[in-house]
Amino acid sequence: MNRSSAAVFSGIPSKVEQQSFEIPSLAPGEVLAKVIASTICGSDLHSLECRRKVPTPTVLGHEIVGEIVAFGSSDPMFDLNGTALSIGDRIVWGVVANCGRCFYCERDLPQKCENAVKYGHEPLRPGKELLGGFAEHCLLVRGTSIVRLPEEIPLEVACPTSCATATIAAALKPITRYEGRSMLILGAGMLGLTACAMAKSRGCDSILCIDLDPQRRELALAFGANRAIHPAELSEHTRELTDGKGFDYSFELTGANSSFVAALDATRMGGTIVSAGAVFPSDPIGFVVERITRRNLTIIGIHNYAPSDLLAAVEFLDANHRSFPFATLVTKWYTLASIANAFNDAREKANIRVGIKL
Ligand SMILES: [Zn+2]
Ligand SMILES: [Zn+2]
């Protein structure tokens, strides 16, 4: 085992090429993980189809479950729970490895670390090629937040932890109270479904989810939404559910401008809008700033997450994955060699997640 295959994206839309790289010798603090599986996130597709810029050539894939196969030194290493890590442990790790001492790390924003290594987003560099999930191995650099997975969490459930689940854990952090509060979830993809389930598990009993797709609306109900409707019906249901006042919290998880505008209209005075879906450039939108001021609105942008959110994500899945059909969301597994077919399938709206299993 001294070489590892990876699917390399060189910037040509929708094309990846299998390449083999030498497995680097590990520095102290580094870990080598054998990739067990990686699911394809919507943002992998945005990168692959050049809707947003990523440095190329690169190995995409950041929703990864791996198994520890080597450590860079014999010093003990611990996960975020303080558990000592061993060879053979099944783990997930944070999408951003951070330095802990730069401007943003010191300001409680490690996900924007100035010296970050971001898995699935790094240009190939000599000795640092294996930093994405669509490969046989992944090098975990120093500063990576690792969590050992409880054995009971199935692979299908565990894979999206380090992107979708942890992002939703971060997005829900501003909520201080769930009971008696109303939530609007815009979008019933992986993020929206996870948001419905997490809010429900924390005691929210007024969750309205909107999505254009009827199949996804069905799923939203299974994931804890009290109602799931077409966006065109939003104002009618807002009137009915909130006495016309609007939702306490709205979560924009689609990235569509029209969805953000809908959230502005449907959120109550003094309410909070969390924007976590818009992760690729779109046209500017116009709105009257006075509406934000006079309505005392809070608008929060959430991109990526801190180590504590990854831990919260694993804890949430461990406690709740049987209560919601998370295990059914990965509809198909492919081999690394047939990753092109996996990407084709991932583009279908009916497939919430498709993955690569090694
Ligand atoms: Zn992602
Ligand atoms: Zn930093």
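Things to note:
- Set of lysines with alpha-carbon distance to Lys245 below 30 Å, sequence-local pairs under 8 removed: Lys173, Lys200
- Rounded FRET efficiency, nearest 0.05, which uses the C-beta distance separating Glu67 from Asn115 and R0 of 25 Å: 0.40
- Over the chain, DSSP H runs of length four or greater, each weighted -39,500 (n - 2.57), average out per residue to a 222 nm ellipticity of -7000 deg cm²/dmol.
- Under Karplus coefficients 6.51, -1.76 and 1.60, residue-wise ³J(HN,Hα) of the stretch 190-199 in Hz, glycine/proline x: 4, 5, x, 5, 5, 5, 4, 5, 5, 5
- Overall form of the stretch 47-157: oblate. Here a/c, set by the Cα gyration tensor axes a ≥ b ≥ c, is 1.5 or more, and a/b is not larger than b/c.
- Taking amide H atoms as placed 1.01 Å from N in the peptide plane, the amide H of Gln18 lies under 5 Å from those of Val8, each 5 or more residues away in sequence or on another chain.
- Cα-only Debye scattering, the chain: base-10 log of I(q)/I(0) at q = 0.06, 0.14 Å⁻¹: -0.22, -1.15
- Length added when fully stretched, Ala350-Ser235, from 0.36 nm per residue minus Cα-Cα: 38.8 nm
- Neighbour-count order for Ile87, Ile153, Ile185, fewest beta carbons within 10 angstrom listed first: Ile87, Ile153, Ile185
- Per-residue 3J(HN,Hα) values for the stretch 269-286, derived from phi via the Karplus relation 6.51 cos²θ - 1.76 cosθ + 1.60 with θ = phi - 60°, read 4, x, x, 10, 10, 9, 10, 10, x, 7, 10, 8, x, 9, 5, x, 10, x Hz in sequence order (x marks Gly and Pro).
- For the stretch 134-150, the Karplus equation 6.51 cos²θ - 1.76 cosθ + 1.60, evaluated at θ = phi - 60°, returns couplings of 8, 7, 6, 9, 9, 8, 9, 7, 4, x, 7, 8, 10, 10, 6, 7, x Hz by residue, with Gly and Pro reported as x.
- Summed side-chain charge close to Pro281 - residues other than Pro281 whose Cβ falls under 14 Å, Lys, Arg +1, Asp, Glu -1: +1
- Anisotropy class of the stretch 166-301 from Cα gyration tensor, a/c 1.5 cut: rounded
- Charge tally around Val54: other residues with Cβ under 10 Å, Lys/Arg +1 each, Asp/Glu -1 each, net +1.
- Rounded to the nearest 20 debye, the dipole size of the chain about its Cα centre is 500 debye, using +1 on the Cβ of Lys and Arg and -1 on the Cβ of Asp and Glu.
- Distance in nm between pseudo-label sites at Asp265 and Arg291 (7 Å out along the Cβ direction from Cα): 0.8 nm
- Radius 15 Å from Cβ of Arg227, net charge of other residues (Lys, Arg +1; Asp, Glu -1): -2
Read the figures in this text as sums done on the coordinates, not as results from a lab. Just so you know, these numbers come straight off a predicted model, no measurement behind them. Ideal geometry is used to build each Cβ from the backbone, glycine not excepted, and the neighbour counts take in all protein chains shown.
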